[in-house]
Each structure stands twice: as C-alpha cells, then as structure tokens.
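The values are calculated or read from the model by the stated rules, or taken from the named source; none is laboratory data. Everything quoted here is computed from the prediction, not taken from an experiment. Methodologically, a virtual Cβ is constructed for each residue, glycine included, from the backbone with ideal geometry; neighbour enumeration extends over all protein chains shown. Side chains are part of the model used for accessible areas, which takes the heavy atoms of the whole protein and leaves out ligands, DNA and RNA. Shrake-Rupley method; radii C 1.70, N 1.55, O 1.52, S 1.80 Å.
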Amino acid sequence: MSKQKLTAIALIVVLIASFTVLLSIGSEIYREKPPIPNAFTGTNAEVVFTQDDIEQGQLVWRSMGGHQLGSIWGHGAYVAPDWTADWLHKEAQAWLDITANNRYQQSFLSLNSETKAGLEQLLREDMRHNSVVETSDGYTSISLSQTRIQAIKRVSEHYLSLFGSDPELSSLREQYAMKEGTVPELKRREQLNAFLFWGAWAAVTERPDQSYTYTNNWPYDPQIGNLPTSDNIVWSILSIITLIAGIGALVWHHASGKHEPLPTPAEQDPLFFNKPTPSQKAVGKYFVTAIGLFLLQIVLGGITAHYAVEGQEFYGFPLAEILPYSVTRTWHTQLAVFWIATAWLGTGLYIAPALSGHEPKFQRLGVNILWVALLVVVLGSMAGEWIGVQQYFSLDMNFLFGHQGYEYIDLGRVWQIMLLAGLLIWLALVTAAMRPALKTEGEMRPVIWVLYASCVAIGLFYGAGLFMGKHTNLAIAEYWRWWVVHLWVEGFFETFATSVIALMLVRLGLIRTRSANAAVLFATVIFLTGGLIGTLHHLYFTGTPTSVIAWGAIFSALEVVPLAIIGFEAVESYRLRKAAPWMSRYKWAIMFFVATAFWNLVGAGILGFLINPPIALYFIQGLNTTATHAHGAFMGVYGMLGIGLMLFCLRGLSGQMQWNEKLLKGAFWTLNIGLAAMIVMSLLPVGIVQFFAVLEHGYWFARSPEVIHSPLVETLVWMRMFGDILFGIGGILLGYFLFDIIKKALGKRKLAQNPEGLSANL
C-alpha cells in the first residue's frame with residue numbers, strides 16, 4: 001500500500017475517532033451539567049428564584065449583549081466584570097458582614113484575624129454545600145440558608161441599580177462601558193439577577209460526592225475555597241510533556257523525509273492567459289465587499305478599545321447612548337468572521353471553475369444571488385443586534401431577530417438560519433463547478449477531494465450553532481458554540497486554505513503534484529489530530545466534568561505541534577516569490593502567506609499555548625491574554641491568509657493590468673507591524689498586569705475597575721493607539737489598492753468600447 005493511501009486512511013481514522021470522542025464528551029456534559037432546579041428556596045420554604053426566572057433571565061442576558069458585556073464563566077468581553085466572579089465576591093462579602101454583625105455586632109473588616117478565619121470557614125461550608133433535592137415526582141429544589149438569602153438580596157439590589165439608571169452608580173456604569181438603563185424594565189432586571197446568581201451558584205457549589213465545583217473550582221478565589229484542582233495541575237504538566245514529545249517526533253519526521261527539489265518553473269505564467277469565466281468575474285464584488293467590511297471592522301475596533309478608557313463617552317461625546325459598547329464589540333467580532341469568510345468563500349467560487357475548466361449553467365446568476373443574500377444577512381443581523389441591545393424587542397423576538405448573546409454567533413436565529421442557507425448555496429455552487437474535477441482521474445485528485453471535503457464541512461458545520469435552543473443550559477450552549485468557533489472557523493477553513501494554496505502553487509508549476517498531495521494529506525492529518533478534540537480546551541470551566549480537562553489539555557498541546565516547524569513553510573513560501581521572473585506578479589500574495597506562517601507560530605502557537613494548559617487558563621481566562629491570542633491568531637492567521645487568497649484571485653481577474661505595488665507594500669507592512677504593536681505595546685502587557693492581580697487578590701479583582709481603570713492599565717490602553725493607527729492605515733491602503741484596480745478596469749472597459757473617442761480626448 002502506498003504512503004499516500006496510508007495517509008488518507010489515517011485521515012479517515014482521525015476524523016472518526018475525534019468526532020466519536022467529541023460526541024461522547026458532549027453526552028457526558030449533558031448528563032453532568034449544572035442543574036437548573038424548579039426553585040431555589042429558603043429553609044422556611046421561601047422561594048428565592050424559580051426555573052422560569054433563571055431561563056427568562058438568560059434571555060435577558062442575551063438581549064443586552066450577553067458575552068459582549070462582561071463575561072460569564074470567563075467567556076465574553078473584558079471591560080465590564082466577569083459577572084460570575086463579581087457576584088461571588090459581593091455575595092461572600094455580604095455574607096461575612098451579615099454574620100459578623102449578627103454574632104459580634106461589628107463589621108467583618110473590624111474583626112481580628114482568627115475570628116475572620118473562622119467566619120470564612122463557615123462561609124465556605126455554607127456556599128460550597130450542594131443541597132440539590134429531587135422528589136419522586138421529578139421536582140427539584142435547592143435550599144439556601146437564611147444568611148445566604150440575605151446576602152443574595154444585597155447583591156441583587158446592587159445589580160438592580162447597576163443595570164438600571166440609578167444615578168448613584170452612573171460612574172460605575174461608565175467604568176464598565178454600560179449605557180444608562182442597560183435593562184430598563186425592572187422585571188427583566190430581576191430575572192437577570194436569577195440567571196447571574198445561578199451561574200455563580202454553579203461556580204461555588206461542589207458536585208455531588210466531589211470536592212470541586214461544577215466549574216472545576218473556577219474562578220480563583222481562595223476566600224470561598226476556589227483553588228486549582230489536582231486534575232488542573234496534573235494534566236497541565238502532561239500537556240507540556242506531550243507538546244515536547246510531539247515537536248520532537250515531528251522534527252524527526254521532517255528531517256528524515258525526502259525533500260524533492262522544486263520543479264523548474266515555466267517560462268511564462270501558466271495562469272496568465274486563462275480568461276476568467278462569467279462567474280469568476282462576478283466574484284470580484286465579494287472581494288470589494290470583504291475589504292469594505294474589513295475597514296468597518298477596523299473603525300469599530302478602535303471605538304471598542306476606546307471605551308476601555310473613556311467608558312460611555314468617545315472623546316466627550318456620549319456615544320454609548322447611540323452605539324453601546326456591547327453593540328460595537330458585537331459588530332467588531334462578527335465583522336471579523338464576515339469579512340474573512342466572504343474573502344474565503346469568494347476564493348472557493350473563483351477556484352472551483354479554474355480546477356475543472358467547467359462553467360455550469362446559471363453559475364454567474366447563483367454567485368450574484370448568493371452575494372445579495374450575504375449582504376442581507378450582514379446588514380440585517382447588525383440592525384437586529386442594535387435593536388435588541390436597545391431593548392426594543394420582546395425576549396422572544398430578540399432571540400429570532402436580535403442578539404443571541406453568544407460571542408461570534410451573536411446574530412438572531414432567523415439570520416443564523418439564513419446564513420446557513422447561504423453557505424449551503426455556496427456549497428451547491430462549488431459542487432456544480434468542481435464536479436468534473438472530482439470525477440477526473442489525475443495526480444491532483446487527493447488534494448481536490450480534501451478541498452471539496454473541507455467545503456462540505458464549511459457548508460454544514462455552521463449548523464452546529466442551531467443546536468442551542470432558546471433556553472439551552474449554558475454548559476451545553478458553550479459546547480455547541482465552540483463547535484462553530486473552533487471547528488468551523490479554526491478547523492475546516494484551515495484545511496480549505498491548505499488545499500487551495502497547494503492547488504494554486506501546483507497550477508503555477510512551483511511545486512510538484514506528488515509533493516503537494518503528500519504535504520496536504522499529512523498536514524491535514526497532523527492538524528486535525530489535535531485540532532478537533534483540542535476544541536475542548538475552551539470548555540475546562542464551563543460547567544463540564546473533569547474528563548474535558550484531560551482530553552482538552554493533551555490534544556490542545558498537539559494543536560501547537562505542527563506550528564513549531566511552521567518556519568520551514570514560511571521560508572519555502574518566501575523563496576517562491578523569486579522562482580521565476582513572472583512570479584513578481586504574485587509577490588504580495590506570497591508575502592501574505594509568509595505573514596500567515598509567522599502569525600501561525602506567534603499568534604496561534606506561542607500566544608495560544610500561553611493560555612491552553614488548564615493551570616494557565618485557570619488564572620487568565622477572560623483576561624487580556626485571551627484578546628492577545630485572539631488578535632494574533634484570528635487576524636494574523638485567517639485575516640492575512642484571506643488577503644493573500646484574495647490577491648491571488650484578483651491577479652487572475654485583473655489580467656495584464658499593472659498593480660500599484662507601493663500600495664500593497666505599504667498595506668503589508670503597516671498591517672503586520674500595527675498588529676504586532678497592538679499586541680506587544682498594549683494587549684499582552686495589560687494581560688500580564690491582570691495576571692498578577694489574580695494571583696494576589698483573586699480573579700474578581702483582575703476584572704474590577706481598580707485594575708481595569710488603574711493609571712498603568714489606562715496608559716497601556718492608550719499606547720495601543722500607535723498600533724491601531726498603523727493597522728488602520730494598512731486597511732486604507734488595501735482599500736485604495738482595490739479602488740485603483742477598479743478604476744483602471746473601468747478605464748480599460750471604456751477604452752475598449754470607444755477607442756477613437758478616448759484617443760481624441762487624450
């Protein structure tokens with residue numbers, strides 16, 4: 001059996017085994033999720049919160065922006081607190097003060113150290129005790145001590161004021177970048193409190209017959225007994241060992257492999273005389289749209305970052321009343337997905353006819369209809385999110401057309417279904433164009449099938465987000481959310497890109513077909529081995545069992561393994577730019593591929609592993625270290641790759657047209673240097689400051705105004721402007737480059753239509 005067939009079999013085994021594990025873990029999460037009881041009650045049968053209160057409160061949380069305003073269980077935005085940690089800290093302080101006053105007629109802080117330690121032990125015994133009771137008829141209740149109920153009422157009063165318009169908390173709302181009257185209706189705020197309390201209850205209550213909580217003792221808070229578990233420490237150590245072993249094995253394999261010399265390139269560009277088909281010409285508008293969305297994302301990113309230092313205002317203007325932080329951050333993160341996906345989907349529509357040499361009937365019409373559908377989804381979902389956050393929708397209507405509250409899949413359910421339908425249309429168009437290539441026997445068939453399989457996965461796996469219903473338990477919702485974010489974006493788009501780049505380089509005659517087949521299949525096996533099950537590293541502390549820590553720690557370490565030798569790919573890509581004189585036409589596309597390799601190592605590899613081990617993530621989940629990795633990996637890898645793929649396609653669409661290389665050079669360096677400056681000068685230093693704050697005082701403190709709005713952190717946030725401005729200039733240069741191409745194309749068309757008149761005018 002050939003090595004190629006063995007690799008293909010290995011890929012199939014990896015896929016079957018990985019999804020078996022993921023689905024099995026999902027079943028375990030479902031069985032062991034934090035329960036939502038029919039009622040939380042006091043010892044005298046007083047009902048504190050009901051199941052309906054919690055479920056409706058979850059919808060209220062989603063309507064106000066959900067993950068985009070503060071975070072729950074460490075997932076979400078960074079300016080407002082993590083509501084789980086904040087509630088727990090406030091409830092603990094209230095409990096201690098109430099008990100100290102009842103027993104000693106003093107405040108807790110005025111007591112001596114020995115007495116304080118005694119009360120803190122009583123606090124832990126009360127808060128960590130699991131009192132879930134289920135009767136024979138299935139009715140579930142959780143009893144709370146009277147002291148705890150009094151503490152809950154104090155915290156509830158604070159949140160009722162905070163999410164409303166109480167003038168006494170205006171300055172705090174400004175520090176949290178919350179608009180006045182975030183949730184105007186009192187009943188909704190009361191329901192929101194029920195949901196926030198339930199999230200905090202799950203984070204401090206020990207699982208039945210265990211000594212750790214439903215969130216594996218997250219967040220770190222020694223006062224309430226939340227300390228790292230043994231699983232957290234042991235699997236972190238084993239993940240590092242796995243990483244070292246994996247890198248050693250891969251380097252050994254790379255060194256022992258046969259490295260065939262590159263083929264001699266053709267004297268002329270093999271693609272130069274390929275005339276674009278009608279559907280390929282129609283793809284051009286996808287790239288214009290992608291750049292437009294990219295520029296809008298840059299603007300919204302600057303506004304969102306500015307909220308971290310000026311709260312509700314933007315240079316003195318009360319912008320939060322019109323564009324609240326939760327809206328600008330929603331649009332910023334969502335547009336990142338939209339513009340990159342648009343560039344990649346356009347690449348798929350362009351490359352499919354090029355591979356097969358076949359232009360299906362009505363293909364151009366389908367490409368145009370899909371573009372209109374994408375615009376409707378983008379603009380409609382953005383409008384719905386704004387209306388939802390402004391609380392103009394009912395909770396049910398918000399779920400359908402407004403803001404679903406889950407980061408990266410914030411768009412309402414109707415828009416979500418429409419986007420899935422658009423992806424299926426895209427898959428149908430790609431399938432129709434690629435069908436002849438799939439049937440043809442040839443050396444490139446394995447790579448073509450890998451490419452097509454990734455297209456199928458891209459078309460279908462976004463649908464995983466539909467498994468989250470209106471009232472789905474948050475632990476299950478997070479499980480399916482990361483299927484979309486990690487598997488759809490970080491998994492199958494990566495496979496798609498690897499295949500497309502290999503096919504492009506083979507068509508250009510720059511690499512051998514056999515080498516491309518082997519490289520793509522092997523790279524896909526290696527990446528998906530860690531990448532699929534590695535999804536679980538996002539779920540360590542989201543109400544999941546400890547098995548998630550074991551699987552996630554080991555396989556997320558394997559995710560980093562192939563990135564350790566990504567430098568070889570970068571060097572090889574860089575050399576290709578001078579493989580033949582005509583390769584200068586593709587220089588900047590190649591350079592963006594080199595940038596992709598660099599950010600794969602730095603953004604996805606180094607900064608990713610910074611937060612991957614359970615013990616690291618335990619302390620820094622939801623801090624700016626997460627934003628550091630997100631910017632380096634998402635924009636650095638997928639953004640740069642999207643631009644590179646776009647430039648390859650534009651080269652074919654623009655034909656003999658001379659490009660303004662200075663614009664591309666400026667865009668390349670300002671985008672990359674700007675991104676690096678954001679990370680090095682602001683995001684990473686802020687994350688390190690917060691890391692120290694967690695270790696010294698607890699997780700709640702690192703997310704508090706005392707840290708977020710400290711002079712040091714605010715200075716570091718202001719320092720981000722240097723990188724933001726550079727990056728923005730890069731976006732403008734890229735946009736102007738595209739505008740220049742369009743202007744030249746229109747001039748060329750005008751010349752072709754009226755050569756005599758144009759010559760006379762000249």
Being open to solvent by 10 Å² or more (accessible area, probe 1.4 Å) and in a loop (DSSP other than H, G, I, E, B) is the filter here, so list the residues in segment 489-519 that pass it.
Gly509, Ile511, Arg512
Which residues, counting only those in segment 369-394, are over 16 Å from Met418 (Cα atoms), open to solvent by 10 Å² or more (accessible area, probe 1.4 Å) and part of a helix (DSSP H, G or I)?
Trp386, Ile387
What tally of residues in segment 606-632 results from selecting those that are among the polar types (S, T, N, Q) and open to solvent by 20 Å² or more (accessible area, probe 1.4 Å)?
2
Which condition number does Lys90 fail, the rest of (1) modelled with pLDDT under 95; (2) crowded, with 19+ Cβ neighbours inside 10 Å being met?
(1)
From the list Ser107, Ser113, Ser71, which one is under 30 Å from Arg329 (Cα atoms) and of a type in the set (Ser, Thr, Tyr)?
Ser71
In segment 161-190, how many residues are without any contact (Cβ under 8 Å) to a residue 12 or more places away in the chain, assigned to a helix (DSSP H, G or I) and of a type outside the set (A, V, I, L, M)?
6
Would you confirm, using the coordinates I've provided, whether Gln280 is in contact with a Pro (Cβ under 7 Å, 6 or more places away or on another chain), more than 29 Å from Ala437 (Cα to Cα) and open to solvent by less than 30 Å² (accessible area, probe 1.4 Å)?
no
Report whether or not Ser71 is touching a residue at least 40 places away in the same chain (Cβ under 8 Å), farther than 30 Å from Pro705 by Cα, open to solvent by less than 20 Å² (accessible area, probe 1.4 Å) and polar (S, T, N, Q).
no
Options Gly164, Gly246; residue that is open to solvent by 10 Å² or more (accessible area, probe 1.4 Å) and not polar (S, T, N, Q)
Gly246
Condition met for Tyr406 (without any contact (Cβ under 8 Å) to a residue 40 or more places away in the chain, hydroxyl-bearing (Ser, Thr, Tyr) and outside any helix (DSSP H, G or I))
no
Whether any residue in segment 274-288 is of a type in the set (Lys, Arg) and either outside any helix (DSSP H, G or I) or farther than 22 Å from Gly357 by Cα (or both) is what I want to check.
yes
Would a scan of segment 2-15 turn up a residue that is within 30 Å of Leu532 (Cα to Cα), at pLDDT 95 or above, open to solvent by 10 Å² or more (accessible area, probe 1.4 Å) and out of contact with any Phe, Trp or Tyr (no Cβ under 7 Å at 6 or more places or on another chain)?
no
Odd one out for Trp449, checked against (1) in a helix (DSSP H, G or I); (2) farther than 30 Å from Asn517 by Cα; (3) among the hydrophobic types (A, V, I, L, M, F, W, C)
(2)
Looking only at segment 133-160, how many residues end up being out of contact with any strand residue (DSSP E or B) (no Cβ under 9 Å at 6 or more places or on another chain), in a helix (DSSP H, G or I) and open to solvent by 30 Å² or more (accessible area, probe 1.4 Å)?
6
Selection count, segment 596-609, where residues are within 18 Å of Ala502 (Cβ to Cβ) and not hydroxyl-bearing (Ser, Thr, Tyr)
2
Out of (1) at pLDDT 95 or above; (2) over 28 Å from the mean Cα position of the chain (by Cα); (3) of a type outside the set (Lys, Arg), the odd one out for Leu293 is which?
(2)
Which listed residue, of Glu91, Glu125, is among the acidic types (Asp, Glu), touching a helix residue (DSSP H, G or I) at 6+ places or on another chain (Cβ under 6 Å) and within 27 Å of Gly42 (Cα to Cα):
Glu91
I need the full set of residues from segment 387-413 which are touching a Gly at 6+ places or on another chain (Cβ under 9 Å) and over 27 Å from Tyr479 (Cβ atoms), in order please.
Ile387, Gln391, Tyr392
Please count how many residues of segment 119-130 are open to solvent by less than 20 Å² (accessible area, probe 1.4 Å) and more than 36 Å from the chain's Cα centre (by Cα).
2
Name, by its number, the condition in (1) within 30 Å of Leu508 (Cβ to Cβ); (2) surrounded by fewer than 22 Cβ atoms within 10 Å (Cβ to Cβ) that does not hold for Leu296.
(1)
Could you tell me which residue of segment 550-584 is surrounded by the fewest Cβ atoms within 10 Å (Cβ to Cβ), considering only residues that are within 18 Å of Lys665 (Cα to Cα) and among the charged types (D, E, K, R)?
Lys578
Based on what the data block shows, is Thr524 polar (S, T, N, Q) and either modelled with pLDDT under 85 or surrounded by fewer than 24 Cβ atoms within 10 Å (Cβ to Cβ) (or both)?
yes
